[in-house]
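What follows is one structure encoded as structure tokens, with my remarks underneath.
The values are calculated or read from the model by the stated rules, or taken from the named source; none is laboratory data. All values reported here derive from a predicted model rather than from experimental measurement. Cβ sites come from the backbone with ideal geometry, for glycine too, and all protein chains shown count toward neighbours.
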Amino acid sequence: MASLAAADARPGATGDIQTDRGNPHWTRYPGDAALDAIPGEDGWPVIGTTFMQLADPDRFARRMVATYGPVYRTRSFGQRGVELIGPEANELVLFDRDRLFSSEQGWGPLLNLLFPRGLMLMDHEAHRIDRRALSVAFKPEPMKAYCDLLGRDIAATVQGWGNGADRFTLRMYDAIKALTLQTAATSFLGIPLGPEADRLNQAFTAMVQAAVAPIRRPLPFTAMGRGVAGRRLMVDWFTRLLETRRADPGQDMFSQFALATREDGTLLPPDVVVDHMIFLLMAAHDTITSSFTTLIWQLAQNQDWQDRLRAEALATTGGTVRALAHGDLARMELTDLAFKEALRMMPPVPALPRRALRDFTFMGHPIPAGTNVGINPALVHTDPGLWPDPDRFDPLRFTPDKVAARHKYAWVPYGGGAHMCLGLHFATMQTRILAYHVLTRYRIEAAPGYAPRWQAWPIPRPRDGLRLELRRIC
Ligand code: HEM
């Protein structure tokens, strides 16, 4: 009972917008001097290393590792922090056997204003209790229902791309983003496409954009102002929808959350359900869009793999294009390997933040309680010592023998340990359905010499929306 009380006494649990550093239950930041012994840089006065990191996170991290080694100090967003690079560091931080790290205090400064009290913003016992309650939404029966809903929407939308033209250019990232938003309305919320879903999508998009806005106060005409207004609209709307779903549940994920119970058999309180649902939409949306876009970009450049995946997709449904059943998905094994390789090359969550709750030592470096600690999956995923020829798209890196020969934490696109992505099976299901409907209908090519620029942070995306040539084959 004590732990349930703790869960509901979380700061800001009343539904207000929560700010970050004034939070009384957070660990105190150590003074700057406490990190003097860690090799690294403080960057420029006031701005520190922030802009260098944001401008090209990958190049910055590579230079730091080359200069200072796999444990290095930076100074961004006004605070010194320590980056730990390598599979051992991933294991220490993600598996977190000794409960040394706080996810809430790591992610909080970025997400607390708009997505407070989501699972990633909870720690330890309170987190365990709610994660367990929400897990019902990912059991086989509900997953089968989502599969049907997703399949129906994806098939219809993909078929309509290009308005029936035989050849056309598509901004692939933009098309997938729009499709993922549409499918979220039906499979996550159980509402039909239409003006209501459009309004919610606008509110949600404003929240996502505000999450990384440089001005952190909700002033009029700022991204944060629009984001906070979007959050208000969504909270109101979801709170009303919760009543409806509890009285008459559907097959959508929100209905599952609405009826989820904690270990003592009580329903999750309404504001808790609403916050978890809003957070989950955020966690699901751009990650799927980014990773599926990466996969398609790689398939446009590697036509041999595109052919193999198309042949596998057709074989899955006996040579004809039809609706996919949940049971069909297990046969798309090459697609699974190819998606894993896309997640290696460009993980949608390239870096993960935590804060140390206690002093600890890593690779001989003492690190004090309160330190911001980051790990960098994107860098580890392209380390030539772990992944020979890392820029080459090679799904066969993920055959079981190759996986067994590697460090378990060399590939961590979904994180690991207690906070391991709750939606990873949903993500693999949705991307297989997408791959099936896209590849059985279109051949996808890139214009010769086309080299789109990618924005690396916070979630990788092609700056021009990724212009690809599609030729209809079905
Ligand atoms: C390819 C797609 C996805 C990727 C790469 C991805 C990646 C991640 C990562 C790295 C984390 C852990 C963050 C950390 O430990 O700090 C995470 C957490 C989470 N993800 Fe995903 N995600 C994806 C899709 C989804 C989807 C589709 C959903 C929901 C349907 C989802 C729901 C969540 C939730 C609820 C958490 C928090 C779990 C917790 O803290 O216990 N994700 N995801």
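Brief remarks on what is shown
- Residue within the range 113-121 that is more than 19 Å from Gly374 (Cα to Cα), surrounded by fewer than 16 Cβ atoms within 10 Å (Cβ to Cβ), away from the ligand (no atom under 11 Å from the Cβ) and modelled with pLDDT under 95 present: no
- Among the residues of this structure, Val212 does not count as one that is within 30 Å of Tyr436 (Cα to Cα), away from the ligand (no atom under 13 Å from the Cβ), β-branched (Val, Ile, Thr) and under 20 Å from the mean Cα position of the chain (by Cα).
Here's the yes/no breakdown for (1) within 24 Å of Ala410 (Cα to Cα); (2) part of a helix (DSSP H, G or I); (3) in contact (Cβ under 8 Å) with a residue 40 or more places away in the chain:
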residue: Arg245; (1), (2), (3): no, yes, yes
residue: Met277; (1), (2), (3): no, yes, yes
residue: Ala283; (1), (2), (3): yes, yes, yes
residue: Ser291; (1), (2), (3): yes, yes, yes
residue: Leu295; (1), (2), (3): yes, yes, yes
residue: Ala311; (1), (2), (3): no, yes, no
residue: Ala338; (1), (2), (3): yes, yes, yes
residue: Glu341; (1), (2), (3): yes, yes, yes
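- Any chance Phe254 is within 16 Å of the ligand (Cβ to nearest atom), out of contact with any strand residue (DSSP E or B) (no Cβ under 9 Å at 6 or more places or on another chain) and at pLDDT 95 or above: yes
- Residue selected from the range 426-441 under the condition over 15 Å from Glu333 (Cβ atoms) and among the polar types (S, T, N, Q), by the criterion farthest from the ligand (Cβ to nearest atom): Thr440
- Long-range neighbours under 6 Å by Cβ, at least six apart or interchain, first residue away from the ligand (no atom under 12 Å from the Cβ) within the range 125-140, second not in a helix (DSSP H, G or I): Val136/Ala260
- Looking only at residues of the range 303-320 that are surrounded by fewer than 19 Cβ atoms within 10 Å (Cβ to Cβ) and hydroxyl-bearing (Ser, Thr, Tyr), we find that the one that is modelled with the highest pLDDT is Thr317.
- Of all residues in the range 357-381, exactly one satisfies the criterion of being away from the ligand (no atom under 16 Å from the Cβ), free of Cβ contacts under 8 Å to residues at least 40 places away in the same chain and either under 26 Å from Pro413 (Cα atoms) or polar (S, T, N, Q) (or both), namely Thr361.
- For beta carbons closer than 7 Å, sequence separation of 6+ or different chains, a first residue in the range 55-76 that is without any contact (Cβ under 8 Å) to a residue 40 or more places away in the chain and a second that is basic (Lys, Arg), the qualifying pairs are Arg73/Arg80.
- First in the range 80-104 and at negative phi and within 11 Å of the ligand (Cβ to nearest atom), second anywhere and in a helix (DSSP H, G or I) and aliphatic (A, V, I, L, M), Cβ under 6 Å, 6 or more apart: Phe101/Val93; Ser103/Met120; Glu104/Leu121
- Residue count for the range 148-198, restricted to those that are over 21 Å from the mean Cα position of the chain (by Cα), surrounded by 14 or more Cβ atoms within 10 Å (Cβ to Cβ) and part of a helix (DSSP H, G or I): 12
- Hits in the range 402-422 - residues which are outside any loop (DSSP other than H, G, I, E, B) and either among the acidic types (Asp, Glu) or buried (at least 16 other Cβ atoms within 10 Å of the Cβ) (or both): Gly417, Ala418, His419
- Residue that is nearest to the ligand (Cβ to nearest atom) [pool: residues in the range 386-397 that are farther than 30 Å from Arg152 by Cα and assigned to a helix (DSSP H, G or I)]: Arg397
- Of the residues making up the range 448-465, those that are in contact with a strand residue (DSSP E or B) (Cβ under 8 Å, 6 or more places away or on another chain) and farther than 19 Å from Leu343 by Cα are Tyr450, Asp464.
- Residue match in the range 71-79 (condition: at pLDDT 90 or above and on the phi > 0 side of the Ramachandran plot): no
- Total residues in the range 110-147, condition among the polar types (S, T, N, Q) and part of a helix (DSSP H, G or I): 1
- Subset of the range 194-252 (residues that are closer than 17 Å to Thr180 by Cα, in contact with a helix residue (DSSP H, G or I) (Cβ under 7 Å, 6 or more places away or on another chain) and of a type in the set (S, T, N, Q)): Asn201, Gln209
- Flag: Pro462 matches the condition of being touching a helix residue (DSSP H, G or I) at 6+ places or on another chain (Cβ under 8 Å) and more than 16 Å from the ligand (Cβ to nearest atom).
- Exclusive hit being more than 10 Å from the ligand (Cβ to nearest atom), within 23 Å of Lys139 (Cα to Cα) and either modelled with pLDDT under 95 or touching a Leu at 6+ places or on another chain (Cβ under 7 Å) (or both), set Ala338, Ala323, Ala300: Ala323
- Residues that are among the small types (Gly, Ala, Ser), near the ligand (Cβ under 7 Å from one of its atoms) and out of contact with any strand residue (DSSP E or B) (no Cβ under 7 Å at 6 or more places or on another chain) were ranked within the range 398-425; the one that is farthest from Leu134 (Cα to Cα) is Ala418.
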